[in-house]
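Have a look at the structure below before the remarks.
The values are calculated or read from the model by the stated rules, or taken from the named source; none is laboratory data. Since we're looking at a predicted model, the values are computed, not measured. We place every Cβ from the backbone using ideal geometry, glycine too, and count neighbours over all the protein chains shown. Heads up: the accessible areas ignore ligands, DNA and RNA and are worked out on the full protein's heavy atoms, side chains in. Shrake-Rupley method; radii C 1.70, N 1.55, O 1.52, S 1.80 Å.
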Amino acid sequence: MSLPAPRPRETVGASRLAPNPYGYYDQSAREYVITRPDTPSPWINYLGQGRYGGIISNTAGGFSFDRDPRDRRVSRYRYNSLPPDQPGRYVYLRRKDTGEYWGATWQPVRARLDSYECRHGAGYTKITSERQGTWAELLYFVPPTAADDPCPAELWVLRLANRAGSTQEIQVFSYVELSFTDASSDLHNLDWSQHVVSSHYDEGLQAIVTGTKFSPTKQFFAADRLPLGYDSDREVFVGPYRGLEDPVVVVEGSAKQSEAPRGNNIGSLCHEICLQPGEEVRIVYMLGITDEPASIGAVTRRYRDPAEVAHGFEVLGEDWAEYFAAFSAETPDADTTAMVKFWSPLQCRSTLHWSRFVSGYETGLGRGIGTRDTAQDTLGIVHAAPDEVASRLARLWGVQFEDGHTWHQFLPLSGKGGPGLAAEPPSWPQSLSDDHLRLIIATCAYLKETGDYDYLARRVPYAQLDTVDPRSDGTDGGKARRERDDTIWGHMMAALGFTLANRGPHGLPRSGFSDWDDTLNVDHGSGLAESVWCAMQLCRAVLDLAELSDRLGRIEDAERFRDVQRETAQAVNSCAWDGSWYARCFDDEGKLIGVSSELHHRINLIPQSWCVIGEVAPRERAELAMAAAHEHLGTPYGPSLMWPPYDGGDPRVNGTSTFPPGAKENGGIFCHAAAWSVVAAAQMGDGDRAYEYYRRLLPLSRSDVERSAVEPYVYCQNICGPAHPSYGLGRNAWLTGAASWMYVAVTQWILGIRPTHEGLRIAPAIPSAWPGYSATRMFRGTRYDITVSRQGPGSRVSLTVDNLPVSGDVVALPLPGTAQVSVQVAIGD
Ligand code: GLC
């Protein structure tokens, strides 16, 4: 779907974005600028758009892959190694006269630089440095190509300039460490992988080509100018008992023309450049992978043309600009504005592409794409990339079994699925209670956004035996299933059916291996363990289905779904209310967890927000529950997930209690869950509270970056909680459900602009101090220019649409083909 570009909007008295000791957000360039290389942890960015790509840090550490970091890896990265954040996409520079050498991106040499700057932008990273008048800039990006491009590649564009007063002779050595394409074998089966891989320098292509004899797959590394020398054997390049900080080839200043007959393969090309004062040259490096080696020549020829390189970068920028244009807002808070306009959508797209599979923490070797994770990720991008969401959701419905539950995760290239951690205790339930319900909620969100009701008739096969991962023995998922496909509506009904058929004695969904909290493993098979939170999630799912059924004219279905919601809410209210808040779950003996009578885990955050989101709690209880969460779980970094944490292993809950107090799900601040508190507070009409919660977690407003350590431009998964010695330390940046949910929380609930089946609802819950905001949003092909102004206290909304007053808070769908609608919103009672 192609979206018209919006008009630029005016800023509503924006506050300033504050720098921190390591960098700042450059709003006009839309780049996070890192001003020193030794950040508290590698601050990374993503290259590519969900196909060929990888991660890159502020010193060019990181790696690349094509579609699947485990099964189609291009280059290596050593997680948890010393020194950290190596290897990467490196360029060594060496003065021929003095023999001094350094890393153009600081690593891997870490020699002193006179200046350094890294700029992370949308799909690219640019690192500049200067040492004794030698100025270097490296721009890394993946030019967008067709989805069926047989030979995707990334480019590193090096600009080298002499800013000194005399001539400089510079030797330039590039370095990338190539991986065996099966990254798991590359790590675990050295006896085989290191024997089957070899490299050679192809004179015709002027490229290092790496691969095996038994497969057509080749990786290649080339430059746009003829190299003086090359190396493809890591051990020859580095030399015995040396490291990447002093490789012998660079120290001595001469490439050895090594071809690796086996072992560790690298791409290193050597160039010598003589620069007059003020002169600048450019070298373009290309790194890629293909199953059709004959296509490498076309790629290297293409990017030897500077116009093609420039065009590739331009197309990348246009693609992102179109994506960002789908929603834009100007608010009185500059940090919020910058997150809404740029960093949140950027992060949402990366989470959708790479789920919880590949990041600075997730090694790209294990879990693959998460079903529940990806379903939630679609919520943050559906307004901007609905077609992508439609195909992702269909893919996810394809990992559902006929009984309605789904694989918890699957590998993107092979499609092999698995139940995740549940496989470890095979006698416990192998399904999770929330995966399939997430898919209902995400599919309803897609339909509200697009009105594409024909999607419901699309047929998707159920998961089959051949998608079963042989490593996941002990699962019941794929066994003895008939081959069958179904409509997406049918898949949704199967999902609901699974939950309804798997309820415990109180009528709540059985916990399964876990619900949203992977580590809360209370269901050991007795049939007594039930998830209170999942009951609330079920309520949301059936309410969404009821709204959809209203729209489709399925009156009986709508009633049936509302009945399920009423019954479930009633069940929750009669068995899980603890006096001031809702319990979290029943354990395997039918005893409540998350209640005041417990020693540990007396209160848990998520039932207190989902009692609102699932419309389960009467107003008075909702207020008490939210107030209890605020009182018992609040911290300056956001609310802890639960309190008090377990202090040592507790077989009742298993996983949670494996963490020390304050870590992750055991009393840490789980940013994903914190986002639901923002939604719930806004849903209750409390804009001040919603904004307060939102601000506490806002990455761009983190002032103590040394303590939090993670990138201050994207959400991280968790922050160590008050009971932890590293209280305030953030972990697992980038790939987290916090990305999409925080974006939903701020755009749909605080700013209050949310799609419905009938039109665009505008029901802001902004802080009382805000005079208003303005926004531009694409919705079903029409651009909505929205101005919200506060007329007084209170949250009553009066709408004026194209200068005509309208009752209610929904802007009805305009006539088809309407390009633009202006909406004025006055708030105040
Ligand atoms: C991690 C998982 C996510 C899970 C959450 C809570 O973020 O990726 O699937 O819901 O932890 O356990």
The answer for GLY772, listing residues at least 5 apart or on another chain whose modeled amide H is closer than 5 Å to its amide H, is ARG790
Loop-located GluC sites (Glu not before Pro) in region 542-595 whose Cβ has at most 14 other Cβ within 10 Å (DSSP)
GLU589
Report VAL811's accessible area, 1.4 Å probe, all protein chains in place, as a number in Å² to the nearest 10.
0 Å²
Through the Karplus equation 6.51 cos²θ - 1.76 cosθ + 1.60, θ set to phi - 60°, convert the phi angles of region 342-347 into ³J(HN,Hα) values in whole Hz; use x for Gly and Pro.
10, 5, 5, x, 5, 5
Apply the Kirkwood formula to region 370-411: the hydrodynamic radius equals the inverse of the mean of 1/r over all pairs of different alpha-carbon atoms; give it in Å with one decimal.
10.6 Å
Give the lysines whose C-alpha is closer than 25 Å to that of LYS218, dropping any in the same chain fewer than 8 places away, or say none.
LYS256, LYS416
Inter-label distance for ARG110 and GLU292, nm, one decimal - labels placed 7 Å from Cα along Cα-to-Cβ
4.5 nm
Given the rule -39500 (n - 2.57) for each run of at least 4 DSSP H residues, summed and divided by the residues of the chain, what is its mean residue ellipticity at 222 nm, to the nearest 500 deg cm²/dmol?
-8000 deg cm²/dmol
Can you tell me the FRET efficiency between THR818 and LEU500 if r is taken as the Cβ-Cβ distance and R0 is 45 Å, rounded to the nearest 0.05?
0.60
Find the all-direction average of the projected area of the Cα convex hull for the chain, expressing the result in square nanometres with one decimal place.
34.3 nm²
Can you tally the net charge around LEU396? Count Lys and Arg as +1, Asp and Glu as -1, for every other residue whose Cβ sits under 11 Å from the Cβ of LEU396.
+1
Given a 1.4 Å probe and every protein chain left where it sits, what share in percent of the accessible area of region 161-318 is carbon and sulfur?
51 percent
Taking a probe of 1.4 Å and leaving out DNA, RNA and ligands, the chain shows per residue an accessible area in Å² of 35 Å²
Check which residues have an amide H placed less than 5 Å from TYR784's amide H, if you skip close sequence neighbours.
ARG777, MET778, PHE779, VAL821
Hey, can you grab everything whose amide H is under 5 Å from the amide H of LYS416? Only 5+ residues off in sequence or another chain; H modelled, so Pro and N-termini drop out.
LEU411
Tabulate in residue order the Karplus-calculated ³J(HN,Hα) for region 453-464, using 6.51 cos²θ - 1.76 cosθ + 1.60 with θ = phi - 60°, rounded to whole Hz; enter x for Gly and Pro.
5, 4, 4, 5, 8, 4, 9, 10, x, 6, 4, 10
Sorting TRP43, TRP643, TRP106 by accessible area (1.4 Å probe), largest first, what list results?
TRP643, TRP106, TRP43
Mind checking which of SER179, GLY451, PHE324 is farthest towards the positive end of the chain's charge dipole, using Cβ charges of +1 (Lys, Arg) and -1 (Asp, Glu) about the Cα centre?
PHE324
Relative to a virtual label point 7 Å from the Cα of VAL251 in the Cα→beta-carbon direction, which members of region 101-116 show backbone nitrogen distances below 13 Å?
101
J(HN,Hα) series, region 77-88, from Karplus relation 6.51 cos²θ - 1.76 cosθ + 1.60, nearest Hz, glycine and proline x:
8, 9, 5, 6, 10, 10, x, x, 6, 9, x, x
